[in-house]
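Below is one structure; the comments refer to it alone.
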Amino acid sequence: MDLKALAVQVARFAGVGVASAGLDYAILHSLISLGASPYLARLGSIVPVVTATWLANRQLTFRSQAPPSWGEYIHYFGISAAGLAINYVLYWAGLAIGLPVWAAFIIGTGAAAVFNFVRYRSLLK
């Protein structure tokens, strides 16, 4: 893959990521507003977003030609689990040192996005 094609792919991934982060944060904020702890709310916000990003990334970012399958989804979710762990640990650490929820969210989500892009490229071709 040439540098220009990679740049386009990174830009698409970033677009999907920003939209997904908006959905993720909206769910997080809603759950906290309903009385959930910021730690449990984060777990509740991450999981539904994985499905949305799988569909968006396979179609928009990586332009997968293969039809979606449960096997691919399970593999994607498995890859996402490592990214989710990175995301949650950094989010938790940010809250533990006194960062506001939004800042901890950005740190965790940003670090996981870089990891996930590299891993998803090999899956969604």
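The values are calculated or read from the model by the stated rules, or taken from the named source; none is laboratory data. The model shown is predicted, which means the values in this text are computed figures rather than measured ones. All Cβ positions, glycine included, derive from the backbone under ideal geometry; neighbour counts span all protein chains shown.
Just a few scattered comments:
- Selected residue (criterion: surrounded by the fewest Cβ atoms within 10 Å (Cβ to Cβ)) from residues of the stretch 87-112 that are within 21 Å of G15 (Cβ to Cβ) and hydrophobic (A, V, I, L, M, F, W, C): W102
- Residue list for the stretch 100-125, filter: outside any helix (DSSP H, G or I) and in contact with a Ser or Thr (Cβ under 8 Å, 6 or more places away or on another chain): L124, K125
Yes or no, residue by residue, for (1) over 13 Å from N116 (Cα atoms); (2) among the polar types (S, T, N, Q):
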residue: V18; (1), (2): yes, no
residue: L31; (1), (2): yes, no
residue: A36; (1), (2): yes, no
residue: L55; (1), (2): yes, no
residue: Q65; (1), (2): yes, yes
residue: Y73; (1), (2): yes, no
residue: Y76; (1), (2): no, no
residue: G83; (1), (2): no, no
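- The residue pairs whose first member lies in the stretch 1-26 and is without any contact (Cβ under 8 Å) to a residue 40 or more places away in the chain and within 12 Å of T109 (Cβ to Cβ), whose second member is assigned to a helix (DSSP H, G or I) and polar (S, T, N, Q), and whose beta carbons are closer than 8 Å, counting only pairs six or more residues apart or on different chains, are S20/T53.
- Pairs where the first residue, in the stretch 104-125, is within 15 Å of F62 (Cα to Cα) and in contact (Cβ under 8 Å) with a residue 12 or more places away in the chain and the second is surrounded by fewer than 19 Cβ atoms within 10 Å (Cβ to Cβ) and hydroxyl-bearing (S, T, Y), C-beta under 8 Å, 6+ apart: L124/S64; K125/S64
- Among the residues making up the stretch 28-51, those that are surrounded by 17 or more Cβ atoms within 10 Å (Cβ to Cβ) and at pLDDT 95 or above are L31, I32.
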